[in-house]
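Only the coordinates and a few stated rules stand behind these numbers; no lab work does. Worth saying up front: this structure is predicted, and the values here are computed from it rather than measured. Here the Cβ positions follow ideal geometry from the backbone for every residue, glycine too, while neighbour counts run over all protein chains shown.
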Amino acid sequence: MSVLALKIDVDTYQGMKTGIPHIVKVLDKYGIPASFFISFGPDRSGLAALQLLRPKFLYKMIRTNAPGMYGIKTALYGTILPAPMIGLSFPEDIKHLSEMGHEVACHAWDHRLWQDWLPLMSRNRIDIWLDRLVNAYMETLCERPQGFGAPGWRMDKRALEIINRFGFKYLSCTRASMPFIFRENGMIEIPSNLPCIEEVGTKGVIRVLEDNADSPGPQVLPVHAEVEGGLYENDFKQILDKAMSLGYNIERIDNIVKDIDRKGLHMRGLQQGFIPGRAFKCSV
Ligand SMILES: [Zn+2]
């Protein structure tokens, strides 16, 4: 029986405010834990409008009905509407997630900045970005974070070197097929190896769950609070029904890391590649 983790990324204010309560209710009904990767800082989603100038991105937005999923306000945050703080606006909700037995991990300070501009961010800027993120986490939960999952699954060698000083126990920054150790910093990487709904549709996710049900490695399903906690809530339930019926053992990522045999993992360097259904390259 394979182990399955739900890696639930919170990218926007809307996802934090309305997506999370929906998702939590669903998880509660199934009696299963999840790993929430929270963006704590400003929601500047509106800056994504600049990306509309890139045809591949525009196509993806139309294909996935992005305005329906994210809402019109989200599309304007950080442009004509001020950028609201995401996790920092909801400290009690985040504490509650942890008290309910879910894992809370770090996803972003400014999601948009990292996802769109990482290659152009200086070392100093990356360091400040991570510092703000970790401080916001500690301010909220009064403990050090264990895991970090990079926005948009985008990492580079400099960020891998810089992140070493922040004391994370593991990373979940890539779309590789199995856990490994980064040659750049010696840290364990637990990748999101399953596709998400936006990439392959609900049937596509279910097909991969069926194919991987007896896989020896942990399966990590990327979920977005804005998506599965919004228009795709019923699809999320269908996916969970299937996972339960296939006998998956649902675990938090930090617990998977505790059980993993580090000596059994191979070490390799960061790579970038295209994933079906994604407009841009991501770390693999
Ligand atoms: Zn994200």
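Numbers at a glance
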quantity	calculated
Order of F40, F168, F236, F274 under a 10 Å beta carbon neighbour criterion, fewest first	F274, F168, F236, F40
Packing-based exposure ordering (other Cβ within 10 Å, fewest first) of S39, S98, S2, S192	S98, S2, S192, S39
For the chain: span of alpha carbons on each principal axis (Å, largest first)	50, 40, 39
Per-residue HN-Hα couplings for region 151-161 [Karplus 6.51, -1.76, 1.60; θ = phi - 60°; Hz; x = Gly/Pro]	x, x, 6, 10, 10, 9, 4, 5, 5, 5, 5
In Hz, Karplus ³J(HN,Hα) per residue of region 86-102 (6.51, -1.76, 1.60; θ = phi - 60°; x = Gly, Pro)	8, x, 5, 7, 10, x, 5, 5, 5, 4, 4, 4, 5, 5, 7, x, 8
Using θ = phi - 60° and Karplus 6.51 cos²θ - 1.76 cosθ + 1.60, couplings along region 11-17 (whole Hz; Gly, Pro as x)	9, 9, 4, 4, x, 5, 6
Proxy reagent accessibility, fewest Cβ within 10 Å first, across F180, F37	F180, F37
Surrounding net charge for G264, when Lys and Arg each add one and Asp and Glu each subtract one, Cβ distance under 15 Å	+1
Of all DSSP beta bridges in the chain, antiparallel share, percent nearest 5	15
Cβ-derived FRET efficiency at R0 30 Å, N124 paired with T18, nearest 0.05	0.25
Pairwise FRET efficiency - D93 versus D259, Cβ, R0 = 30 Å, nearest 0.05	0.55
GNM flexibility winner over the chain from A108, A225, A243 (Cα, springs under 10 Å)	A243
5 angstrom amide H check on V104, placed H, neighbours 5+ away	F36
Relative contact order [Cα under 8 Å, 6+ residues apart], the chain, whole percent	28
For L270, distant residues with modelled amide H under 5 Å away	R183, E184
Long-range amide H partners of N193 with built H, under 5 Å	V220
Among H107, H96, H22: highest mean-square fluctuation, GNM of the chain, C-alpha pairs under 10 Å	H96
Within a Gaussian network of the chain (alpha carbon springs, distance under 10 Å), most fluctuating of G147, G217, G264	G264
